[in-house]
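Asker: Handing you a structure now.
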Amino acid sequence: MALRKLISEFDADSDGYFTLLELRQLGHDLCIPYQEFLKWTRTPTGEELKALPLDTVIECIKVFVSRQMKSKQAQDLFKLADIDQSGKLSLTEIKRLLEASDFDVDDKELQKIFKRVDVNKDGELDDKEFLDLVKYIIENK
């Protein structure tokens, strides 16, 4: 819900559609390359759309962020959060990371998500489980 509200602020005329100019500004302010949005303006038949609906813009952002999380940046973020350098992240380390990142996830919700993505049930997240946690939070906020 917070993501939808944030993205909606870039819809200058509040019509639920993002023009190419609005997409350019959104990309600039959120550090998302404009080309990422342009990929979504091309239909399978080759038609060029002049605007994208809000839900498509959100999906585009989710896909972009998910791809980025699989990159070296995600590995670096994992290492940064791994304070004890165990190669796994505890719930406490995840909490610190989320607080520093301004993600608004309450303790009960975080514990629930943590248990859900902790596939091997060892009480810690490896790098793959960490990516699953980040994706879940992004897709459900």
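Asker: Determine which member of the set Lys112, Lys95, Lys128 is outside the structural domain of Lys62 (by TED's automatic domain parsing) and modelled with pLDDT of 90 or more.
Answerer: Result: Lys112 is the single residue among Lys112, Lys95, Lys128 that is outside the structural domain of Lys62 (by TED's automatic domain parsing) and modelled with pLDDT of 90 or more.
Asker: Further question on the same structure: Report yes if some residue within segment 82-97 is under 15 Å from Ile137 (Cβ atoms), within 19 Å of the chain's Cα centre (by Cα) and of a type in the set (Val, Ile, Thr); otherwise report no.
Answerer: yes
Asker: So, one more: Any idea which of Lys128, Lys115, Lys135, Lys108 is out of contact with any helix residue (DSSP H, G or I) (no Cβ under 7 Å at 6 or more places or on another chain), in a helix (DSSP H, G or I) and under 19 Å from Val65 (Cβ atoms)?
Answerer: Lys128
Asker: Here is a follow-up. Within segment 51-58, is there a residue that is at pLDDT 95 or above, surrounded by 15 or more Cβ atoms within 10 Å (Cβ to Cβ) and more than 17 Å from the chain's Cα centre (by Cα)?
Answerer: Yes.
For every residue, the table says whether it meets (1) modelled with pLDDT under 90; (2) surrounded by 12 or more Cβ atoms within 10 Å (Cβ to Cβ).
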site: Gly46; (1), (2): yes, no
site: Leu91; (1), (2): no, yes
site: Val117; (1), (2): no, yes
site: Ile137; (1), (2): yes, yes
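Asker: While we're here: For Ala74, all conditions in the list (1) aliphatic (A, V, I, L, M); (2) without any contact (Cβ under 8 Å) to a residue 60 or more places away in the chain; (3) surrounded by 16 or more Cβ atoms within 10 Å (Cβ to Cβ) hold save one; what is the number of the exception?
Answerer: Failed condition: (2).
Asker: Now for a separate question. Only one of (1) at pLDDT below 85; (2) loosely packed, with under 13 Cβ neighbours inside 10 Å is not met by Ser66, so which one is it?
Answerer: Just one mismatch for Ser66, condition (2).
The values are calculated or read from the model by the stated rules, or taken from the named source; none is laboratory data. Computed from a predicted model, the values in this text were never measured in an experiment. Every residue, glycine as well, gets a Cβ built from its backbone with ideal geometry; the counts of neighbours run over all protein chains shown.
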